[in-house]
Amino acid sequence: TLIAPELPSIMADPWPPCDHDLYIELPSWPGLPYKRGLLTSMKMSGEMISLPPRHRYQRKYPYAHVGRTLCQPPTRTLTETQYFFVDVSTLSSLGTHYQLRISRVDSFTLHTDKKFSFTASPSQPQYFKYVFPDGVDTAIVKVNSEMTFPCSVMSIQDIQCPVYDLDNNVAFIGMYQTMTKTAAITVQRKDFPSNSFYVVVVVKTEDEACGGPLRFYPLQKCSICLCFSLTPLSPSFLPPLPPSTPPLSVSADVYVMGMLFCLGIFLSFYLLTFLVACVENKRSVDRVTVVYSKYIISYTLLFPLSERSLESVTGRSRQESLSSIEEDDYDTLADIDSDKNIVRTKKYLCVSDLARKDKRVLSKKYQIYFWNIATIGVFYALPVIQLVITYQTVVNVTGNQDICYYNFLCAHPLGNLSAFNNILSNLGYVMLGLLFLLIVLQRDIIHSRALDRNDLNALECGIPKHFGLFYAMGTALMMEGLLSACYHVCPNYTNFQFDTSFMYMIAGLCVLKLYQKRHPDINASAYTAYACLAAVIFFSVLGVVFGKGNMVFWIVFSVLHILATMLLSTQLYYMGRWRLDSGILRRIVYVIYTDCIRQCSGPMYIVIDNSSLTYIVWLLFCLSRAAYGLLKTPNDFASYLLAIAICNLLLYFAFYIIMKLRSGERIQCMAMVCILFTAVVWGFALFFFFQGLSTWQKTPAESREHNRDCIVLSFFDDHDIWHFLSSIAMFGSFLVLLTMDDDLDNVQRDKIFVF
């Protein structure tokens, strides 16, 4: 057909039967110059639809074909005939040849569990229709492409005209997300009154929105071949329903099974704990009966109770002790009774030397850890919950699926939540944290009763029992579950610190608890500890916001990291008996001169084969981590900082176990079982953690390339399994800290070494 500026072409055509849709296309005319563009519009049912000007799409992208699928208008009767008008015009000064092709779309309706392939380009968007079958309330629309680029947009829109299928209006209504190779949107029947929706695919002219370069695509590379698939959320294990029973909501069955599975796993730990407690209680009753019988015999035949000494509590005599609390063992200094300065008068330290303060004072000191973290948790969680609710509301209102980095291939919505399964899997942290608090409470009650009846073992034997840090650890685990659930409401880089803040807390509290076991009098106060942890979280936020590719930030952080490591190692080695003031350099030179040059003496105190070597190894490790961060500048600063905290904890824990065994102590069966079980669970947990189902370090479209299908009950993905296993592993780690020194409950404190 030939068209000129003064002679536009107007045609009218009837609409086909309602089972099909129309596709109108202007293919290229051989030899036609690109500068002779065409403007085509269609009018039907009061709506005007335009095709992009042929040969120049968005002013600078040449295409030879343009096409649009016409929106099917509603018909009042089956016999009614409706017409649409096609208007073709050009602004070229010369006559322009064109071809107008109108075809019927036979495969316009998509079907469940059937793949459908099609081709789209920036000038030829495509959309199709899907109708919910009976018994299906939720479906996942998946689109795959063999090519990473060009960048595309998939949109889910309600059945209405016009359909927004252009790059400049596809985000106006419905849900949408950018894609490179994979996209998936979970659609619920309740959101579409007509029980059907349109699936729209628009190819962008630039790849910048998907993380690619801003580039020009030549003519032969402008199209993209995609494959649709729709999967209902239907588990295969459900029994068939009787004919008289109405079909159940399939998605509801999946949700019920997922919640029962989650509750069953963690309630089993409550049951197991109850059974172990019953067994231990029976053993303790039998043991007390045997000991009491032996004591009555010895009292009657040998000596009265007033002559009984603590030597019967342990097999080692008091003369074998390297340390005692008799005054003859100390120099007659004025500060002999000072709890910290006692280290100046002894070459070997035992727990009795660092457990001289009043037990009631220390108990109140360590209870502050619990009350402080409970207060911090309340004030931290309330604005977090409000913020993530706002995030979810924005996602639901705008339909922009690029705001949150879900695993869209396994995101099960519930109510207003887009990924309920990722939130539900955090229940383990809360339930196991509460269980740990109950276990600690039981031990606290038993110990308090022993103190009330002046039990000699509770007063003079074993590691001093202070439960404040244990309560804080259990509370931190519960808060980690709550804040991790909040983060997974809408995971992205702006709220990643919600998921990691209490991980830093847990790592720090575990280190403090390990140190407190052998240094109960000189452990850090709650205010100092939480202030240091707050500084760590502050740098974590700065690193997430400013650390990516910022060498200045990494230099400042590395310098502060090295200085903090040196100060902390000095504090631990000298047990707080040093001062950071203007005379520090003079004192360092004096110590080097007197101890190393003049006398070549050893360190201020000796702790089991020279523990200074351990501090040197730890210092070198921290320095190497700081150097690695400075040289490599990892993009994920929060994970890098968390790795430092966890590695420090593991290093200190390994040192504690080694020194405990070298000191002649042993690990009881229960503690050994907890250690082995926890190590195995941590191994499996880390495997699932490193699967990387999404990453907010990339664009949303690139992140979706890492998405994977559900692996458990068609409801939980790899990251959910990480939540399950890591909560169990943390619970096991806490039990290890709680039980690892139970073998010392009958050993005098002046025979328990400090390390």
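The values are calculated or read from the model by the stated rules, or taken from the named source; none is laboratory data. The shown structure was predicted, so the numbers you read here are calculated from the model rather than taken from an experiment. No Cβ is skipped: glycine too gets one built from the backbone with ideal geometry, and neighbour counts run over all protein chains shown. The area values use the complete protein model at the heavy-atom level, side chains included, leaving out ligands, DNA and RNA. Shrake-Rupley method; radii C 1.70, N 1.55, O 1.52, S 1.80 Å.
Considering only protein heavy atoms and a probe of 1.4 Å, how much of the accessible area of region 536-576 is carbon and sulfur, as a whole percent? Looking at region 536-576 in its full context, I get 82 percent from C and S.
Distance between the pseudo-spin-label points of Gln697 and His111 (7 Å out from Cα toward the beta carbon): 4.4 nm. Counting 0.36 nm for each residue step from Ser194 to Thr148 and taking away their Cα separation leaves a gain of 13.1 nm.
Checking the Cα-Cα distances for Lys548/Lys632; Lys513/Lys660; Lys365/Lys513; Lys114/Lys142; Lys181/Lys548 against a 19 Å cut-off, the pairs over it are Lys181/Lys548. Loop-resident GluC sites (Glu not before Pro) (DSSP state other than H, G, I, E or B) in region 103-211 with no more than 11 further Cβ atoms inside 10 Å of their Cβ: Glu146.
If you count, for each residue, the other Cβ atoms within 10 Å and average over each peptide, how do 155-164, 623-632 line up from highest to lowest?
155-164, 623-632
Sorting Phe553, Phe546 on solvent-accessible area from highest to lowest, probe radius 1.4 Å, gives Phe546, Phe553. FRET efficiency for the pair Asp253 and Asn396, taken as 1/(1 + (r/R0)^6) with r the Cβ-Cβ distance and R0 = 25 Å, rounds to 0.55. The protection proxy used here, the mean number of other Cβ atoms lying within 10 Å of each residue, ranks peptides 262-270, 741-749, 476-484 as follows, highest first: 476-484, 741-749, 262-270.
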